[in-house]
């Protein structure tokens with residue numbers, strides 16, 4: 001199965017990423033990262049799958065405070 005993710009940047013340009021390795025056991029995908037490369041912001045394909053937001057946060061060590069809540 002091939003999935004495409006579309007990112008729209010500030011000048012209305014659309015960037016499409018093909019997600020080639022979907023994982024049906026994981027419901028959350030980090031499709032891309034924004035990186036500062038030579039003083040330019042670049043979109044870099046990542047395609048890593050996790051069971052949820054908290055697991056992705058732990059992997060990338062962003063350090064969010066996770067507490068129970070509701071919407």
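Among the criteria (1) in contact with a strand residue (DSSP E or B) (Cβ under 6 Å, 6 or more places away or on another chain); (2) free of Cβ contacts under 8 Å to residues at least 24 places away in the same chain, the one residue 69 does not fulfil is (1).
For the residues 5, 46, 14, the requirement of being within 14 Å of the chain's Cα centre (by Cα) and modelled with pLDDT under 90 singles out 5. For region 4-47, a residue qualifies if it is without any contact (Cβ under 8 Å) to a residue 24 or more places away in the chain and on the phi > 0 side of the Ramachandran plot, and the qualifying residues are 12, 38, 39.
The values are calculated or read from the model by the stated rules, or taken from the named source; none is laboratory data. All figures in this text were calculated on a predicted structure; none of them were measured in a lab. Cβ: placed from backbone, ideal geometry, glycine included. Neighbour counts: every protein chain shown.
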